Amino acid sequence: MGPLLLLFSCWTLVGAQTPLFKLRSVTLTIEPATDLLRDANATLWCRAGVSSSGTLTHVPVYTFYKDGTKVFTKKSASSELAYPLLHVRYSNTGKYKCRVEIDGQGENSDTSKLTVTGVSVPLLQLSRSTLSEGEELTASCSAPDETGAFFFYFYVDGREMQDQPARSNRADAQLRFNGGGVRQVHCDYTVMLAPGSTKSNKSNTVTVSVRELSFRPLLEIRPVAEVFEGDQLSVSCRPEGNSNIPGGLLLLLTHGTQLLGSGVDHVNSSITAKESGEIECSFEVGNVPKKATKNISVIELFSVPRLSVSLAEVFAGDRMVLTCSSAVLVARRLTSEDISYALDSKGPPTTELGAGRFSVRAPPHPLSYTCTATARGITKHSQALLVRPKVSVVRPSITVVEQVILGRPFQIRCLSEGGSLPINYTLFRKYEPLNVTTVSTPYQQALFTATIQESDDIKLYMCEAANKPNNEGELSPRLNASVIVPLSNATLTALPAPWDVSEGDALILICGVTGTPPVTFKWYRKDGGAQLLFAGTANGRSMAHRIHAVSRDHSGSYYCEAVNHARNPVRSQTVLIEVTEDRTTSSMWSVRPATAASDEDASVGSREPDVEYTEVVHPQPTDPTKVVLKKGTDTVYTELQNAPPSVVADAAAAAADHEYGSLQYADLKNTHPLLGPDEDYNHGLPVPVD
């Protein structure tokens, strides 16, 4: 070892003669290498680097650690210290470090790993090499010069017999031998070292001679020829040889896991052959088990039955036939009359039809059935047959998806609220099938497209739902739905006559149509462009708009438009209103419909020879109950007086063509200058009325 090497720097002395020092570094090295073979020598060097202002008054303390555990410590005035490892073993493998402490200062080195390869060959010793069957010997296995935690393994004829943990390098095991002959014994071991381990080579092999006992069990089975299921077998078990043992021998006769019988010195049994397997006769002498075995091969008399159902698809409540049958019968030993079948079920009562056939009604829920076949005392059970009955459809409903408009395609929905999928839906018109669709998933719908030209044709449709193979289904009621007739034949009627309107008169403009209410009506005046006067919705086919007191400024051309839920607006002919000076009487003039709704130039003058006007004397009503006022517009009731019968009939017919229903009004945001403040306009379509 060299002297302590002190490195000096500039220090400021405090006090009289106390030297200052600093522990600068600690290093660990492994020599000659970090990977060594067994039996090599290794040295661990711990070196300290110290700076001091004078001679140290304290001796450094060196400590070595393996895997975090202290293994060696020593004081030394030298700047380095050696920790020798002589004849290294696998147990020396590990992670090492060292620590140096001087007068309260301490420093650790980095960690270095040492790996040692190889262990010693184990040595096996036996307490004796000759013994009788059932006797024991002691086997000792050692790992020379090895340390650590061990597992020792003992082998007889190459087969592991025991394993033994040990904290020393030696372990003992007691070995017992059954049966006579020569046996080969050896051992090996494993050294346990976290986080791994290493295993040794094979030890020396020691030969052992085992003397067999002079007696053994004797097993006899009759008959010895081919054996079928149901045959009776005679089995005997007894010891053979010198069995003069005090108290006798307890013999056991078994077939698989079944105990056929037991007895002292002998066992006899009669069994019914059911399945192939091994029959064993056994006993024990001391701790030595002795046994004799024979394998019997049993020929199948009939196969395991199979249960089947007659219907491919079973519906709850249907009568079904369950058949139980065995596919294989040994004809020379068994006929079909020798085998009987039974049905096992917790469901509805069954009726036996013979030859393994049973009639039963399908239950309303899934149910398992099994059957048994019995012959010659042998009973076999079939696998379970799970019957999942389907549910028949219930009477379907038939509805329309949205509104039905005459002359336009619409959709019909057919739905059965019960029934197993898939379901076939058929649409009928006058009992004639039109189309078929199949619903296979829970969220699928049966939808059909149809068109009608007459309102009553809606009742000609029905649908059928079916989910049975024979296509027996349930028929729905007839389709019942409201039919919207598109509007047509729009007319505008003025009261009084268009050219007989005087200043101060109340002008009534009646708009009538043919079609399905409710209807939204709009009145317009042509004055350099269409000016909306009023709009409202009625639950009838006509509606009136009233201007209370007209002036010369009200003269002009008027027309109306109407629309219902068919959304096909129609337009009336144009009526020319001429407001003249005040007159005392008024007349009603009805104008027949124009030939085209887009004729904006139609008028009431003599220029229209094909338009006829009928004058009806219309005095002011004196009965206040015959005039109904609502939001500035009157519903008009016309009295015909002193008119010829033909005129009365024409007027009555005209009134019949215009069903004056209840009037509905909405807000008119832009009131026309000719209307009162209560005359409003509604842009919306009518509310549907059945």
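The values are calculated or read from the model by the stated rules, or taken from the named source; none is laboratory data. From a predicted model like this one, the values you see are computed outputs, not experimental measurements. In this analysis, Cβ positions are derived from the backbone assuming ideal geometry, glycine residues included, and neighbour counts consider all displayed protein chains. What goes into the accessible areas is simple: the full protein's heavy atoms, side chains included, and nothing from ligands, DNA or RNA. Shrake-Rupley method; radii C 1.70, N 1.55, O 1.52, S 1.80 Å.
May I ask you to list pairs of residues, at least six apart or on different chains, whose Cβ atoms are under 6 Å apart, with the first in the stretch 520-536 being closer than 18 Å to Ser555 by Cβ and the second being at pLDDT below 90 and assigned to a strand (DSSP E or B)?
Tyr524/Ala530
Which strands (runs of 3 or more DSSP E) sit wholly inside the stretch 296-399 and have at least 1 residues that are closer than 30 Å to Glu280 by Cβ and of a type in the set (A, V, I, L, M)?
Answer list for the stretch 296-399: 367-375, 378-381.
Based on what the data block shows, is Val116 part of a strand (DSSP E or B), within 30 Å of Arg24 (Cβ to Cβ) and not aromatic (Phe, Trp, Tyr)?
Answer is no for this residue.
Determine if the stretch 277-284 includes at least one residue that is within 30 Å of Glu133 (Cα to Cα), β-branched (Val, Ile, Thr) and exposed (fewer than 13 other Cβ atoms within 10 Å of the Cβ). Don't jump to the end; show me each part of the working.
Kept after step one, since they are within 30 Å of Glu133 (Cα to Cα), are these residues of the stretch 277-284: 277-284.
When the remaining residues are screened for being β-branched (Val, Ile, Thr), the result is 279.
From what is left, the residues that are exposed (fewer than 13 other Cβ atoms within 10 Å of the Cβ) are none.
The answer is no, given that none of the residues of the stretch 277-284 is within 30 Å of Glu133 (Cα to Cα), β-branched (Val, Ile, Thr) and exposed (fewer than 13 other Cβ atoms within 10 Å of the Cβ).
For (1) without any contact (Cβ under 8 Å) to a residue 12 or more places away in the chain; (2) more than 30 Å from Glu300 (Cβ to Cβ), each residue gets a yes or a no:
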site	(1), (2)
Thr379	yes, no
Gln383	no, no
Val387	no, no
Lys390	no, yes
Val393	no, yes
Ile398	no, yes
Val401	no, yes
Ser416	no, yes
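Rundown of residues vs (1) open to solvent by less than 70 Å² (accessible area, probe 1.4 Å); (2) touching a strand residue (DSSP E or B) at 6+ places or on another chain (Cβ under 6 Å); (3) small (Gly, Ala, Ser), yes/no style:
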| position | (1), (2), (3) |
| --- | --- |
| Phe72 | yes, yes, no |
| Lys75 | no, yes, no |
| Ser79 | yes, yes, yes |
| Ala82 | yes, yes, yes |
| Leu85 | yes, yes, no |
| Asp103 | no, no, no |
| Asp110 | no, no, no |
| Lys113 | no, yes, no |
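Within the stretch 445-461, is there a residue that is within 23 Å of Gly540 (Cα to Cα), of a type in the set (Ser, Thr, Tyr), free of Cβ contacts under 8 Å to residues at least 60 places away in the same chain and surrounded by fewer than 20 Cβ atoms within 10 Å (Cβ to Cβ)?
Yes.
Condition check ((1) assigned to a loop (DSSP other than H, G, I, E, B); (2) open to solvent by 10 Å² or more (accessible area, probe 1.4 Å)) across all residues:
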{"residue": "Leu492", "(1), (2)": "no, no"}
{"residue": "Val513", "(1), (2)": "no, no"}
{"residue": "Thr516", "(1), (2)": "yes, yes"}
{"residue": "Trp523", "(1), (2)": "no, no"}
{"residue": "Gly528", "(1), (2)": "yes, yes"}
{"residue": "Gln531", "(1), (2)": "no, yes"}
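Run down Glu474, Glu464 and say which single residue is modelled with pLDDT of 95 or more, closer than 30 Å to Ser420 by Cβ and not in a loop (DSSP other than H, G, I, E, B).
It is Glu464.
Hey, could you check the stretch 343-360 for residues that are in contact with a strand residue (DSSP E or B) (Cβ under 7 Å, 6 or more places away or on another chain) and open to solvent by 40 Å² or more (accessible area, probe 1.4 Å) and say which is modelled with the lowest pLDDT?
Ser345
Please find, among Thr451, Thr399, Thr379, the residue that is modelled with pLDDT under 95 and out of contact with any Asp or Glu (no Cβ under 8 Å at 6 or more places or on another chain). Give the derivation first.
Working: Thr451 fails: modelled with pLDDT under 95; Thr399 fails: modelled with pLDDT under 95.
Answer to the check: Thr379.
Restricting attention to the stretch 147-166, and to residues there that are out of contact with any strand residue (DSSP E or B) (no Cβ under 6 Å at 6 or more places or on another chain) and in a loop (DSSP other than H, G, I, E, B), which single residue is modelled with the highest pLDDT?
By that ranking, first place goes to Gly158.
Collect the residues in the stretch 325-364 that are touching a Cys at 6+ places or on another chain (Cβ under 6 Å) and over 28 Å from Val314 (Cα atoms), keeping them in residue-number order.
If the condition is that a residue be touching a Cys at 6+ places or on another chain (Cβ under 6 Å) and over 28 Å from Val314 (Cα atoms), then no residue fits.
Just one of the numbered conditions (1) touching a residue at least 24 places away in the same chain (Cβ under 8 Å); (2) more than 38 Å from the chain's Cα centre (by Cα) is not true of Glu337; which one?
Of everything listed in (1) touching a residue at least 24 places away in the same chain (Cβ under 8 Å); (2) more than 38 Å from the chain's Cα centre (by Cα), Glu337 misses just condition (1).
What are the pairs with Cβ atoms under 9 angstrom where one residue, in the stretch 538-560, is on the phi > 0 side of the Ramachandran plot and at pLDDT below 95 and the other, located anywhere, is among the basic types (Lys, Arg) and open to solvent by 10 Å² or more (accessible area, probe 1.4 Å)? Sequence gap at least six, or different chains.
Between residues of the stretch 538-560 that are on the phi > 0 side of the Ramachandran plot and at pLDDT below 95 and residues that are among the basic types (Lys, Arg) and open to solvent by 10 Å² or more (accessible area, probe 1.4 Å), the close pairs are Gly556/Arg525; Gly556/Lys526.
Table: residues versus (1) under 30 Å from Leu479 (Cα atoms); (2) in contact with a Ser or Thr (Cβ under 7 Å, 6 or more places away or on another chain).
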site	(1), (2)
Thr372	no, yes
Arg388	no, no
Ile412	yes, no
Leu415	yes, yes
Ile423	yes, yes
Tyr431	yes, no
Ser440	yes, no
Tyr443	yes, no
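Take Pro144 and decide whether it is modelled with pLDDT of 95 or more and not hydrophobic (A, V, I, L, M, F, W, C).
no
Kindly establish whether Arg99 is open to solvent by less than 70 Å² (accessible area, probe 1.4 Å), closer than 30 Å to Tyr62 by Cα, of a type in the set (Lys, Arg) and in contact (Cβ under 8 Å) with a residue 24 or more places away in the chain.
Yes; evaluated as a whole, the condition is true for this residue.
Kindly indicate whether any position in the stretch 22-38 is part of a loop (DSSP other than H, G, I, E, B), at pLDDT below 90 and open to solvent by 40 Å² or more (accessible area, probe 1.4 Å). Walk me through it before giving the result.
Step one: filter the stretch 22-38 for residues part of a loop (DSSP other than H, G, I, E, B), giving 32-34, 38.
Narrowing further to those that are at pLDDT below 90: none.
No, every residue in the stretch 22-38 fails to be part of a loop (DSSP other than H, G, I, E, B), at pLDDT below 90 and open to solvent by 40 Å² or more (accessible area, probe 1.4 Å).
Is one or more of the residues making up the stretch 251-261 more than 24 Å from Lys294 (Cα to Cα) and not in a strand (DSSP E or B)?
No, the conditions are met nowhere in the stretch 251-261.
Among Thr372, Thr379, which is the only one that is open to solvent by less than 50 Å² (accessible area, probe 1.4 Å) and of a type in the set (Ser, Thr, Tyr)?
Just a single option satisfies the conditions, and that option is Thr372.
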